[in-house]
């Protein structure tokens, strides 16, 4: 079974090559040392969430795409649509969920008194 660092390494390396970038160019975009990029691409080091976010930004990728074992390009078109629909539904429900949580916290607070 392929490990998460190996999957991430492969996807970053493949996307970098698609963009025609060297490791030095990616390192410059990320404001990190080129050896760090090489270590990530070999699966020896795992980037922080901040660095992962920056990788997605500069390489124009969705975060989940970095962790797909079948590769960045193999994401079915309907996957992004499903995620978008879920996000929209969640945002619609969020105010009610927050309101319910606040109400529950108030109840708990006054029960303790």
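The values are calculated or read from the model by the stated rules, or taken from the named source; none is laboratory data. Given the structure is predicted, the values throughout are model-derived calculations rather than measurements. Cβ: placed from backbone, ideal geometry, glycine included. Neighbour counts: every protein chain shown.
So here's what we get for this one:
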{"read-out": "Residue list for the stretch 33-57, restricted to those being within 19 Å of residue 68 (Cβ to Cβ) and out of contact with any helix residue (DSSP H, G or I) (no Cβ under 7 Å at 6 or more places or on another chain)", "value": "49, 53, 57"}
{"read-out": "Residue within the stretch 15-32 that is under 13 Å from residue 67 (Cα atoms) and assigned by TED's automatic domain parsing to the domain that holds residue 70 present", "value": "yes"}
{"read-out": "Out of 96, 81, sole residue that is surrounded by 10 or more Cβ atoms within 10 Å (Cβ to Cβ), modelled with pLDDT under 80 and not assigned by TED's automatic domain parsing to the domain that holds residue 2", "value": "81"}
{"read-out": "Selection status of residue 53, modelled with pLDDT under 95, assigned by TED's automatic domain parsing to the domain that holds residue 2 and farther than 22 Å from residue 2 by Cα", "value": "yes"}
{"read-out": "Extreme residue, surrounded by the most Cβ atoms within 10 Å (Cβ to Cβ), among residues of the stretch 58-69 that are in contact with a helix residue (DSSP H, G or I) (Cβ under 8 Å, 6 or more places away or on another chain) and assigned to a loop (DSSP other than H, G, I, E, B)", "value": "61"}
{"read-out": "When residues of the stretch 29-44 are limited to those that are outside any helix (DSSP H, G or I) and buried (at least 16 other Cβ atoms within 10 Å of the Cβ), the one modelled with the highest pLDDT", "value": "32"}
{"read-out": "Hits in the stretch 1-28 - residues which are more than 15 Å from residue 59 (Cα to Cα) and buried (at least 17 other Cβ atoms within 10 Å of the Cβ)", "value": "7"}
